[in-house]
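Before any comments, here is the structure.
Any read-out appearing in this document is the output of simple, stated calculations on the displayed coordinates, not a laboratory observation. This one's a predicted model, so the numbers in the text were calculated from it and none came from an experiment. As a convention, Cβ positions derive from the backbone with ideal geometry for all residues, glycine included, and neighbour counts pool all protein chains shown.
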Amino acid sequence: QDIVFDPNILTVATGLEEHNNYAVDFINATRWIKENLPYAKVSGGVSNISFSFRGNNTVREAMHSAFLYHAIQAGLDMGIVNAGMLEVYQEIPPELLVLVEDVLLNRREDATERLVEYADTIKSKGKEIVRDEEWRKEPVESRLSHALVKGIIEYLDADVEEARQKYARPIQVIEGPLMDGMNIVGDLFGAGKMFLPQVVKSARVMKKAVAYLLPFIEQEKLDNPDQDQNSSAGKVLMATVKGDVHDIGKNIVGVVLACNNFEIVDMGVMVPAQEIIKKAKEINADIIGLSGLITPSLDEMVHFAKEMEREGFTIPLIIGGATTSRIHAAVKVAPNYSGPAIHVLDASRSVTVCSTLMNKELKDEYVAGIRAEYDKAREAHLNKRSDKRYKTLDEARAGAFQIDI
């Protein structure tokens, strides 16, 4: 009776199938604790459940209320939640309640997609659902960006073909309007104005657009055999790190680099560090590129940097993906590897970064600049942390809240 269990409440509706049952898992765990350890208490951090919809309070409030309703019935004693972000369960609009509980209780395979579509129609309470087709009147570049941001595939082939006819080379469609659209997606996600399942949906639109253009890119190579296609700009080994199944962004980077004469060796997804190390030695890679979308991938990238250092590598390591950042590369990755470790924000910058790293005249100055930039970022980060004063263990225990049970 003196024990409080705090089982993990993990985010649902991320776009990953293996996350779909997280809410049900917590409810089942709570029920088991109450049945087998009836005097123990159960708490939980509720807001985690709706993190995929950060920025959309209407959906988040409904998710929190519905989740609490079912978790309390299973025996939850204490919910850690912002009381200002709770809708009254009975007052949740019936349509939204069905969609939310489909997600929370994992009742149907398309539950996430249906809730995302609903969430996209509301920016705040009371907004009417309107199907706006005005964007179809915009130039093709704007239409492609809109389709990527909204995850619309309905007109994609026609718009990509129109862009292909407009631009001199098919690769320019990828490097231009398509990459511009994905950059908007990245900015919106970083600002909390776009949700993870929407980013996955946008990436699928990008994948479909690139797939449409690939045959034309290959045909261009066949039609122009004299364009020094055999002169490699460098050999890049790419992989999505262990524990991560996302490859759309990595694949796009591979296409863009390949179209710029880089030789790409793609190991796929969920690749352990030692397998990447072994392959890099086998093919004598010039650059290693790591990709990851989910948060655990960040730790795996740090582990990989340590392995590269242990194995005596000095070649550049570039990292990218939705959860990666310049500050993560500066604070966590770079200090563990004496070679160049560089965060690349998006595919549009990959060619410039890799080309510079392969240029003997430019590489040293570029790497020195990156290191100086990362040193400043790391110092600023550490200074920010040093401003915080943590209590000693004895001080913390002396100020403990006394519970009178």
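Between the residues Leu37, His70, Thr112, the greatest Cα displacement towards the positive end of the dipole of the range 4-120, with unit charges on the Cβ of Lys, Arg, Asp and Glu, is found for Leu37. Classify the range 231-405 as rounded, prolate or oblate, taking a ≥ b ≥ c as the square roots of the eigenvalues of its Cα gyration tensor: rounded when a/c is under 1.5, otherwise prolate if a/b is larger than b/c and oblate if not. Prolate, because a/c is 1.5 or more and a/b exceeds b/c. With N as its number of residues, the range 277-359 has a Cα radius of gyration that, divided by 2.2 N^0.38 Å, comes to 1.02.
Count charges around Glu162 for me, please; just the other residues with Cβ under 13 Å from its Cβ, Lys/Arg as +1, Asp/Glu as -1. Neighbourhood net charge equals -1. Were the residues from Glu220 through Asp299 laid out at 0.36 nm apart, the gain over their Cα-Cα distance would be 24.4 nm. Calculation over all alpha carbon pairs of the chain in 20 angstrom steps from 0 returns a P(r) of 22, 49, 26, 3, 0 percent. Ordering 364-376, 135-147 by mean Cβ neighbour count within 10 Å, with the highest value first, yields 135-147, 364-376.
Near Gly369, once Lys and Arg are set to +1 and Asp and Glu to -1 for all other residues with Cβ below 12 Å from its Cβ, the sum equals -1. Counting Lys and Arg as +1 and Asp and Glu as -1 over every other residue whose Cβ lies under 10 Å from the Cβ of Ala280, the net charge comes to 0.
When +1 charges are put on Lys and Arg Cβ atoms and -1 charges on Asp and Glu Cβ atoms, the dipole computed for the chain relative to its Cα centre reaches about 900 debye. A Förster distance of 30 Å, applied to the separation of the beta-carbon atoms of Asp6 and Ala380, puts the FRET efficiency at 0.35.
Once backbone amide H atoms are built at 1.01 Å from N, Cys259 has no partners under 5 Å, excluding neighbours fewer than 5 places away on the same chain. Our summary gives the range 231-405 a relative contact order of 20 percent, counting only alpha carbon pairs under 8 angstrom and 6 or more residues apart. Extending 7 Å from Cα along the Cβ direction at Ser43 and again at Arg31 yields two label points whose distance is 2.5 nm. Relative to its residue count, the range 4-120 spans a Cα convex hull of 92 Å³ per residue.
Once both labels are positioned 7 Å from their Cα atoms along Cα-to-Cβ, the gap between Arg114 and Ile283 label points is 4.3 nm. Relative to the 2.2 N^0.38 Å rule of thumb, the range 132-222 has a C-alpha radius of gyration ratio of 1.07.
The length gained on full extension between Glu154 and Arg136, counted as 0.36 nm times the residue separation minus their Cα-Cα distance, comes to 5.3 nm. Taking every alpha-carbon pair within the range 58-103, the share separated by more than 16 Å comes to 31 percent.
Packing here is the average count of other Cβ atoms within 10 Å per residue, and on that basis the peptides 156-163, 217-224, highest first, run 156-163, 217-224. Computed from the C-beta positions of Arg164 and Asp404 and an R0 of 56 Å, the FRET efficiency is 0.15 to the nearest 0.05. Principal-axis analysis of the Cα atoms of the chain puts helix 196-223 at an angle of about 10° to the longest axis. A straight chain from Ser355 to Arg326 at 0.36 nm per residue would run longer than the Cα-Cα distance by 8.5 nm. On a C-alpha basis, how far is the centre of the range 40-103 from the centre of the range 308-343 in Å? Whole number, if you could? Result: 38 Å between the Cα centres.
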